[in-house]
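Have a look at the structure below, then the notes.
Bear in mind these aren't lab numbers, they're just calculated from the coordinates by the rules spelled out. Remember, predicted model here, so these are calculated numbers, not experimental data. As a convention, Cβ positions derive from the backbone with ideal geometry for all residues, glycine included, and neighbour counts pool all protein chains shown.
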Amino acid sequence: MSQADLTADTGRCLADLGQLRRAHQLMDEGMDLLPATRSKTRSVFLAYQAETHLRAGDADIAAETATRAFDLASRISARRCVTMVRAQNRRS
């Protein structure tokens, strides 16, 4: 597990604990650490981040982030991420 994965996953755990501001900071830091070759992981992290924005009531930011995740996942044929974003859309 890379530092990028660990940092973003820690952010996701903090989101689950309700610490959304710090969660988003860590998710951003994790994505910044990802090399360009890890687009699939980036799309998954974006989907996670969109989910936490939605839980925080930031619908506009959630929609923008989910669109970024969906566009990236579609470009690289990352079906898991496309499915995640579509599922979030159905829940919202």
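Label-to-label distance, R55 versus R75, with points set 7 angstrom from Cα along the beta-carbon direction: 2.8 nm.
Candidate membrane-span-like segments in the chain, meaning DSSP H helices with Cα atoms spread over at least 15 Å of their own axis and a Kyte-Doolittle mean of 1.0 or above, do not occur, with no membrane implied either way. Computed on segment 3-91, with alpha-carbon pairs under 8 angstrom and 6+ residues apart, the relative contact order is 23 percent. Local charge for H53 was computed over the other residues whose Cβ lies under 9 Å away, with Lys and Arg +1 and Asp and Glu -1, and equals -3. Label separation (L6 vs R22): 1.7 nm, computed from points 7 Å beyond Cα along the C-beta direction.
The residues neighbouring R79, those whose beta-carbon lies less than 14 Å from its own, together hold a net charge of +4 under the Lys/Arg +1, Asp/Glu -1 convention. Between the residues Q19, S77, Q49, the greatest Cα displacement towards the positive end of the dipole of segment 3-91, with unit charges on the Cβ of Lys, Arg, Asp and Glu, is found for S77.
For T41, what is the net charge nearby, where nearby means another residue's Cβ is under 15 Å from its Cβ and Lys, Arg count +1, Asp, Glu -1?
That sum, taken over residues with Cβ under 15 Å, equals +3.
A simple charge model with +1 on the Cβ of Lys and Arg, -1 on the Cβ of Asp and Glu and nothing else charged puts the dipole of the chain at about 420 debye relative to its Cα centre.
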